[in-house]
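One structure, as structure tokens, below. Some questions next.
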Amino acid sequence: MRAVWIVLICLGALALILLLASYIVMRYACRRGHALGTDLDKELRHSSFRHYKDDIVRAQQWLKEQPVQEVFVTSYDGLRLRARYIPCENARATLLLFHGWRSYPELDFGAALTFYQSFGVNILLPDERAQGESEGKFITFGVRERHDVHTWVQWCAERSGAAFPLLLGGVSMGIAGSYCNSDFFQKYLGIRAE
């Protein structure tokens, strides 16, 4: 009987350790991200994006020079979500770009923003929930973010009309399959991207 109690105590201790370890990993992976800091070298030190620092700096400067409109919507669960909207004169579509886990639009799309706008599209750069300047305590890896995408699509449709083309693009957690590719640009906008 004593051996059974020892086994049960060991299994209970193991379950407690696993539960604690899971909680710690969950808190690390899902806790609120931070806004892009002013010390870009520190931000990029251990990132694969460190090789693109010049592109990121150029993107930040380009964004400052654009007529960027700060936009806020309310998510389905009551959070205030923020995006930056960059209008393009005589735009043929609106491109919504969703950044990845603990990232920023400047990091994930910095090198391509001017390229995208050269196609004659408006650009919407949302801060995902619990990241940047959007509210939220936890990143949910798409569980709730997918509803946020619908909210942004609805905002664009209300702004430009339901028939106005919308392109969705993303990196990693942002969107698991980007529709922003050369075939799309050629088919819907009549532009061949080489």
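The values are calculated or read from the model by the stated rules, or taken from the named source; none is laboratory data. Since this is a predicted model, take the numbers as computed values, not measurements. Glycine also receives a Cβ, built like all others from the backbone with ideal geometry; neighbour counts cover every protein chain displayed. Just so you know, the surface numbers come from the protein's heavy atoms only, side chains and all, with ligands and any DNA or RNA stripped out. Shrake-Rupley method; radii C 1.70, N 1.55, O 1.52, S 1.80 Å.
Any idea what log10 I(q)/I(0) is at q = 0.09, 0.14, 0.16, 0.23 Å⁻¹ for the range 1-111, Debye with uniform C-alpha scatterers and no solvent?
The Cα Debye sum returns log10 ratios of -0.45, -0.78, -0.92, -1.34.
Here is a further query. Quick one: accessible area per residue over the chain, 1.4 Å probe, rounded to a whole number of Å²? Let's see the in-between values first.
On the way: 11610 Å² over 194 residues.
On a per-residue basis, the chain sits at 60 Å².
Next question. In whole Hz, what ³J(HN,Hα) sequence does the range 45-54 give by Karplus (6.51, -1.76, 1.60; θ = phi - 60°), x for Gly and Pro?
Per-residue couplings from phi come out as 3, 10, 9, 5, 6, 4, 6, 10, 4, 4 Hz.
Whole-Hz Karplus ³J(HN,Hα) for the range 120-125, in order, using 6.51 cos²θ - 1.76 cosθ + 1.60 and θ = phi - 60°, x for Gly and Pro?
So the J values, rounded to whole Hz, are x, 10, 6, 10, 10, 10.
Amide H neighbours of Thr140 under 5 Å, counting only residues 5+ apart in sequence or on other chains, H built in-plane at 1.01 Å?
Glu145
Let me ask something else. Mind giving me the nanometre distance, one decimal, between the label points for Ile24 and Asp77, set 7 Å out from Cα along Cα→Cβ?
2.6 nm
Carbon and sulfur together cover what percent of the accessible area of the chain at a 1.4 Å probe radius?
Carbon and sulfur atoms account for 57 percent of the accessible area of the chain.
So for the range 106-147, what are the equivalent ellipsoid semi-axes in whole Å, largest first, each being the square root of 5 times an eigenvalue of the Cα gyration tensor?
Values: eigenvalues 129, 24, 15 Å².
For the range 106-147, the ellipsoid semi-axes come out as 25, 11, 9 Å.
How would Leu167, Leu16 rank on accessible area, largest to smallest, probe 1.4 Å?
From most accessible down to least: Leu16, Leu167.
In debye to the nearest 20, how big a dipole does the chain give about its Cα centre with +1 on each Lys and Arg Cβ and -1 on each Asp and Glu Cβ?
Working: 22 positive and 20 negative charges, 132 e Å.
For this selection, approximately 640 debye.
Students sometimes get this wrong: rank Asp41, Asp55 by accessible area, probe 1.4 Å, all chains present, largest first.
Asp41, Asp55
A further question on this structure: Per-residue accessible area for His150 at 1.4 Å probe radius, Å² rounded to 10?
130 Å²
For the chain, with equal point scatterers placed on the C-alpha atoms only and solvent neglected, what are the log10 I(q)/I(0) values from the Debye formula at q = 0.08, 0.10, 0.16, 0.18 1/Å, to two decimals?
Calculated log10 I(q)/I(0) at the listed q: -0.34, -0.48, -1.04, -1.28.
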